[in-house]
Amino acid sequence: MAGAVVMMTVPSAFADAKTEAYVQKNASEVLASLNDPSLNAEERTEKFNAYMDEFTDMTAVSNFAIGKYARRFTDDELARYRKVFREYALAVYENELDDYRGEAVVVKDSVDRSPTDSIVNTVIKRQDGKDMDVRWRVLTRDGKYQVVDVALNLDGNLIWLAIEQRAQFLALLDRTNGSADALINKIQSMTDNLDNEKRK
């Protein structure tokens, strides 16, 4: 992935066991959907997307990715943007995690950024020994846990996907005087490119 690498700093404190258990269970189910040999490519994508929709707060992630423009878009623009963003974000998550299918997700440790904001550090174990570190940022709202960002260690660099997307999207919006249509068209183009790569 292109763009700046962003490292997230967190205080040294352990997150609660329930948050770790939440990530352990749900991340394992997400990865299992990519490993299921009984599914064809279309069925695997559908199952993966269903898990990610439940596991991830797409509304929060999509709003974060456009910053101040979330308040400037009209209701129609925001609805159209969120639709294409969801399709793009799910394609990115599937594309990146699919390269690192593993036998198991193991929680290593965790830290609290606040009483409702935690980072859970995991490793995807693989039979070939090419394990991958993955970090999950989890928010708790009204007792419900949801992931709002995922960090992958790509080529030795830790990249938070939502932060990476935000940097790209804000740069485009700043260049186009906040044009929702320009952003929507760009996101659709990026999604099409990911779909074409997957088909190849």
Could you derive backbone 3J(HN,Hα) for the stretch 41-54 from the dihedral phi with the Karplus parameters 6.51, -1.76 and 1.60 (θ = phi - 60°), listing whole Hz in sequence and x where the residue is Gly or Pro?
4, 5, 5, 5, 4, 4, 5, 4, 4, 5, 5, 5, 4, 7
If amide H atoms are modeled at 1.01 Å from N in the peptide plane, then the residues at a separation of 5 or more from S110, or on another chain, having amide H under 5 Å from its own are A15, N121
Can you find, among N35, Q127, F64, the residue farthest towards the positive end of the dipole of the stretch 17-183? Put +1 on the C-beta of Lys and Arg, -1 on that of Asp and Glu.
F64
Just order 171-179, 187-195, 33-41 by mean Cβ neighbour count inside 10 Å, highest at the front, would you?
187-195, 171-179, 33-41
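Determine, from the Cβ-Cβ distance of N177 and E103 and an R0 of 35 Å, the FRET efficiency 1/(1 + (r/R0)^6), rounded to the nearest 0.05. Write out the running numbers ahead of the final one.
Working: r = 49 Å, r/R0 = 1.40.
The computed FRET efficiency comes out at 0.10.
Sort 136-148, 77-89 by packing, meaning the average of other beta carbons within 10 Å per residue, with the highest value first. Kindly include the intermediate steps, with their values, before the conclusion.
Numbers: 136-148: 16.8, 77-89: 18.8.
Per-residue Cβ counts within 10 Å, averaged per peptide and sorted highest first, yield 77-89, 136-148.
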Rounded to the nearest 20 Debye, what is the dipole magnitude of the stretch 23-88 about its Cα centre when Lys and Arg each give +1 and Asp and Glu each give -1 at the C-beta?
400
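Report the rotationally averaged projected area of the chain based on its alpha-carbon convex hull, in square nanometres.
The Cα convex hull of the chain, projected and averaged over all directions, gives 11.9 nm².
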At 7 Å along Cα-to-Cβ for each site, give me the label-to-label distance between D133 and N35 in nm.
2.2
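Values quoted throughout were computed directly from the atomic coordinates according to the rules given, and no laboratory measurement underlies them. Computed from a predicted structure; not experimentally measured. Every residue, glycine as well, gets a Cβ built from its backbone with ideal geometry; the counts of neighbours run over all protein chains shown.
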